Amino acid sequence: MSDTDFTYPAELPIVPLAKPPSATVIVPGSKSITNRALVLAALASRETECVLSSALRSEDTEVMINCLQELGFFVEADWQRATISLRKHSSDRLIPAERADLFVGNSGTTIRFLAAMVSLAPGRYRLDGVKRMRERPIQDLLDTLKQLGVEAVSENGNGCPPVVISGNGWRGSSQVRVRGDVSSQFLSGLLLVAGWADEDGTITITIDGALVSTPYVGMTLDMLGPWIEQFGWDGDFLWVVSNRCEPPKSYSIEPDASAASYFWAASAITGGRITVTGLNRKSIQGDMRFVDVLQQMGCRVEECDAGITVHGKPLRGVDVDMNDISDTVMTLGAVACFAEGPTTIRNVAHIRHKETDRIAALAAELRKLGAEVEERADSLTITPRPLTGCAVDTYNDHRMAMSLALIGLKIPGVVIRDPGCVAKTYPGFWQDLERLRN
């Protein structure tokens, strides 16, 4: 993001709300959908142009756009209109650039989707990111690409970026395996690009072991529909046939359900009433299930044509498996501090490999504020105790910042360190949070 768009202080005090909010909020477009749509539209840009509407502007999406431009695609963003245009290119190559050195920042979707994408074409591509990205695993994806005949290596031999992808594209019809217990993005990356692997070829993918964040794979398959004619998911097997539809000239991005979770949680914590517009239970985003967890805790959830409203009510602790909606673990962690009785969040070991070790980071910061937290390898239990405001660390993790800020809506003295980290997915978060006071 440009410094002229948003400026962030080194520390941001959160002032408690004077009264429970009654508000309607419009959250920006989904990061997950925007980056998936960018890959699909780029691969189809030999045939037609495509305009993505309601697209998200954030560090993660701008990194993806920059990388696609480095790969020779014509991508133009009009952020005033929240649109991204992918113009038709005339190269004979699926990936116009034969070589590229790509910087992905700390965007997991960008490196995992693009590693799969560039493997389709002859050439040599290097992908690298910030220090934390160099600690995030990608070996499972590299192993699957090798099964497809691609040379895919971790440069330092540790299974993490930087990675170098080179070869002559995928073999024709192939059956491969991929692990799913670290990140569903490895599988999603393969599915997004498989339709361009070979004319009339079929790629069959078997999932080894448990699959985390399953709804994100469902999202990927839902999004293939306008571009690919034949694909499916049958138990542990997924398949994509390289038989493409006439590509769409436009695609609309849904509002971000993960971003919406912060405002629904704010209503739960403060006893307010907050509506997030543009989202309903027909959404392709799994994080919509977060409102069901809030309902289980005692909130009233109302759905109408405008969106979904959460009415805050007295809260009770819950015991919930959040493997499928793990991006909202920290949001629920904030809500749990105001419930009666403990809340246990289970089956989320994979979030230790996100922007930070999210289990350890959440436990550490909630303890600073006064909560009792029991941390385990794949879960944590939060038992409410009297809270006292303090400065909390965010670990350069956007979701840590946005979640911990919710506690400050009720408890005085909460200060968010490095609030600018929200630019990764929601640059205007602080302005939208402030509007709850109106």
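The values are calculated or read from the model by the stated rules, or taken from the named source; none is laboratory data. Keep in mind the model is a prediction, meaning the values are calculated, not measured. Note that each Cβ is placed from the backbone with ideal geometry, even for glycine, and that neighbours are counted across all protein chains shown.
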Inspect the stretch 121-137 for any residue being buried (at least 21 other Cβ atoms within 10 Å of the Cβ), in a loop (DSSP other than H, G, I, E, B) and under 22 Å from the mean Cα position of the chain (by Cα) and give the result as yes or no. yes
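Residue-by-condition table, conditions (1) among the polar types (S, T, N, Q); (2) over 24 Å from residue 242 (Cα atoms):
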| residue | (1), (2) |
| --- | --- |
| 54 | yes, yes |
| 57 | no, yes |
| 86 | no, no |
| 98 | no, no |
| 103 | no, yes |
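For the stretch 1-92, give me every one of the strands (runs of 3 or more DSSP E) that falls completely inside it and has 1 or more residues that are farther than 19 Å from residue 435 by Cβ. Quick ask: steps written out before the conclusion?
Numbers: elements: 11-13, 22-25, 50-53, 74-78, 83-87.
Fully inside the stretch 1-92 and qualifying: 11-13, 50-53, 74-78, 83-87.
Hey, any hits in the stretch 355-367 for a residue that's among the basic types (Lys, Arg), surrounded by 17 or more Cβ atoms within 10 Å (Cβ to Cβ) and touching a residue at least 24 places away in the same chain (Cβ under 8 Å)? Talk me through it step by step, then tell me what you get.
Going residue by residue through the stretch 355-367, those that are among the basic types (Lys, Arg) are 358, 367.
Subsequent filtering for residues that are surrounded by 17 or more Cβ atoms within 10 Å (Cβ to Cβ) retains 358.
Of the ones still in play, those that are also touching a residue at least 24 places away in the same chain (Cβ under 8 Å) are 358.
Yes, the stretch 355-367 contains at least one residue that is among the basic types (Lys, Arg), surrounded by 17 or more Cβ atoms within 10 Å (Cβ to Cβ) and touching a residue at least 24 places away in the same chain (Cβ under 8 Å).
Does the stretch 34-41 include one or more residues that are farther than 28 Å from residue 250 by Cβ and modelled with pLDDT of 95 or more?
Looking only at the stretch 34-41, we keep the residues that are farther than 28 Å from residue 250 by Cβ, and these are none.
No; the residues of the stretch 34-41 include none that is farther than 28 Å from residue 250 by Cβ and modelled with pLDDT of 95 or more.
Residue check: is residue 292 in a loop (DSSP other than H, G, I, E, B) and either free of Cβ contacts under 8 Å to residues at least 40 places away in the same chain or assigned by TED's automatic domain parsing to the domain that holds residue 105 (or both)? Outline the logic, then answer.
Details: in a loop (DSSP other than H, G, I, E, B): no; either free of Cβ contacts under 8 Å to residues at least 40 places away in the same chain or assigned by TED's automatic domain parsing to the domain that holds residue 105 (or both): yes.
So residue 292 does not fit the description; no.
Tell me, which residue of the stretch 338-354 that is outside any strand (DSSP E or B) and not hydrophobic (A, V, I, L, M, F, W, C) is surrounded by the fewest Cβ atoms within 10 Å (Cβ to Cβ)? Let's see the steps before the verdict.
Here is the first cut: in the stretch 338-354, the residues outside any strand (DSSP E or B) are 338-339, 341-342, 347-354.
Filter once more, so that each one left must be not hydrophobic (A, V, I, L, M, F, W, C): 341-342, 347, 350, 352-354.
Details: 341: 12, 342: 16, 347: 15, 350: 21, 352: 15, 353: 17, 354: 24.
Among them, the one singled out is 341.
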When the stretch 264-278 is examined, which residues are found to be buried (at least 24 other Cβ atoms within 10 Å of the Cβ) and either under 17 Å from residue 34 (Cα atoms) or of a type outside the set (A, V, I, L, M) (or both)? 264, 267
With the condition kept exactly as written, say whether any residue in the stretch 237-246 is modelled with pLDDT of 95 or more, part of a loop (DSSP other than H, G, I, E, B), closer than 16 Å to residue 189 by Cβ and under 23 Å from the mean Cα position of the chain (by Cα). no
Of all residues in the stretch 177-202 being at pLDDT 95 or above and among the β-branched types (Val, Ile, Thr), the one that is surrounded by the fewest Cβ atoms within 10 Å (Cβ to Cβ): 178
Can you say whether residue 327 is more than 22 Å from residue 20 (Cβ to Cβ) and assigned to a loop (DSSP other than H, G, I, E, B), as far as the supplied structure shows? no
